[in-house]
Amino acid sequence: MSYNVLPKTYSNLKLQITLQNKIISPSFSSSYYHFLNEKQRALQDIKDKTEEHAFVNCYKLLNIKNYINTYNIKVEDDTSTKSLFLNLIEIFNNYNANIILKKCNKFLHIGEKHKESISAIEHLQKNAKEVTVYESIDKVDNTELLKKDYFDYFFIELNSSNLTDPNKYIIAQIKTLILIINKLNLGSLVIIKLDYLFYQPLLEFVYVITSMFEKTLLVKPLTSDTVSLEKYLVCKNLKNNSFDISSYRDCLMNNTFESQNISSIINNKVPIYFKNKLTEIDVILGQNLLENIQELINFLNYKNKIEKVDNIEKSNIHKASVWLIKNKLSPNTFL
């Protein structure tokens with residue numbers, strides 16, 4: 001079994017909101033949370049002391065996606081060289097999600113980068129005609145959220161700019177669960193772009209997702225931002241959407257989340273084996289992230305950059321070439 005496959009869960013879950021007045025504290029991967037805060041502060045400190053163009057150049061040098069850009073891939077618009085387009089192409093190809101995608105006819109894209117998401121679908125599925133788009137999940141009003149519909153594919157981008165106050169991020173995940181329950185056909189595919197998973201409700205969100213789908217993976221594509229928290233839940237073949245959402249609905253309709261913080265989203269305990277497996281995956285991804293941040297810090301501090309730049313460029317050009325071939329995105333694909 002691949003390390004990034006999450007355990008399938010079969011519990012009879014009860015979706016129920018628990019609230020508290022104070023902001024919740026991290027309860028998951030706490031050591032990683034501590035080290036990440038330290039690394040991010042160190043990176044911000046050196047960024048503040050570095051000229052912007054120098055920092056951007058160093059950042060680009062260490063990201064594979066920027067080497068793929070040099071191959072002049074052509075599609076209908078410029079989204080082919082953007083990170084999300086490349087990430088989704090890698091996910092579809094590497095995790096057999098394209099098998100389910102071929103059966104999809106009705107698509108929902110939620111996120112500020114929805115154009116890239118749509119381009120990835122159109123590259124793989126030429127007849128993707130029925131498409132609905134929202135700039136963010138906050139733009140889906142409660143009436144629309146609770147209305148029944150029947151989509152075959154979701155892409156949902158859930159971003160959080162605040163590591164220490166996750167309430168808005170958790171609300172977005174609650175809305176995502178409602179969307180899946182109300183608007184997704186059985187047998188369908190969902191890809192969810194996430195940030196961090198340090199808090200109990202976020203652990204519970206992933207746990208609920210695994211009870212819905214036949215197979216769920218947590219992955220970070222090679223083309224994703226090497227110093228960001230971004231990762232993707234790949235949720236294949238919806239099997240179970242029979243959940244009572246009344247607790248979620250009532251809190252949304254009554255604006256309860258505006259005045260209190262969410263400490264839990266289910267009335268069940270997450271099994272220790274599931275928590276351990278999710279911790280294992282998150283720590284592996286987290287260790288890579290910490291190493292990438294440190295590599296960027298070291299490179300910014302490195303005095304004799306010319307030799308190091310040459311070595312990094314050679315390595316990453318090779319990786320980009322291999323990636324293009326593996327994902328059938330050689331320049332000839334589009335010329």
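The values are calculated or read from the model by the stated rules, or taken from the named source; none is laboratory data. Fair warning: this is a prediction, and the values are worked out from it, not measured in the lab. Here the Cβ is made from the backbone with ideal geometry for all residues, glycine too, and neighbour counts use every protein chain on show.
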Open item on the list: If I go through the range 264-308 residue by residue, how many of them are within 19 Å of SER211 (Cα to Cα), free of Cβ contacts under 8 Å to residues at least 40 places away in the same chain and more than 24 Å from the chain's Cα centre (by Cα)?
Closed with: 1
TODO: Report the residue count in the range 160-186 for those that are under 16 Å from LEU202 (Cβ atoms), modelled with pLDDT of 95 or more and basic (Lys, Arg).
DONE: 1
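Looking at ILE181, ILE137, ILE192, ILE118, which one is of a type in the set (Val, Ile, Thr) and in contact (Cβ under 8 Å) with a residue 60 or more places away in the chain? Even if it seems obvious, please write down each step before you answer.
On the way: ILE137 fails: in contact (Cβ under 8 Å) with a residue 60 or more places away in the chain; ILE192 fails: in contact (Cβ under 8 Å) with a residue 60 or more places away in the chain; ILE118 fails: in contact (Cβ under 8 Å) with a residue 60 or more places away in the chain.
After applying the criteria, what remains is ILE181.
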Task: Lone qualifier among LEU189, LEU158, LEU177, LEU184 - being surrounded by 18 or more Cβ atoms within 10 Å (Cβ to Cβ), of a type outside the set (Ser, Thr, Tyr), within 22 Å of LEU217 (Cβ to Cβ) and out of contact with any strand residue (DSSP E or B) (no Cβ under 6 Å at 6 or more places or on another chain) - done: LEU177
Open item on the list: Please verify whether GLN260 is at pLDDT 90 or above, under 24 Å from PRO166 (Cα atoms) and surrounded by 13 or more Cβ atoms within 10 Å (Cβ to Cβ), treating the condition exactly as stated.
Closed with: yes
- [ ] Answer yes or no as to whether SER224 is more than 25 Å from LEU163 (Cα to Cα), hydroxyl-bearing (Ser, Thr, Tyr), touching a residue at least 24 places away in the same chain (Cβ under 8 Å) and out of contact with any Lys or Arg (no Cβ under 7 Å at 6 or more places or on another chain).
- [x] no
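Taking the range 1-24 as the search range and keeping residues that are closer than 25 Å to LYS220 by Cα and of a type outside the set (Val, Ile, Thr), which one is surrounded by the fewest Cβ atoms within 10 Å (Cβ to Cβ)?
MET1
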Task: helices (runs of 4 or more DSSP H) completely within the range 195-303 that count 2 or more residues being aromatic (Phe, Trp, Tyr) and closer than 19 Å to LEU15 by Cα - done: 200-212
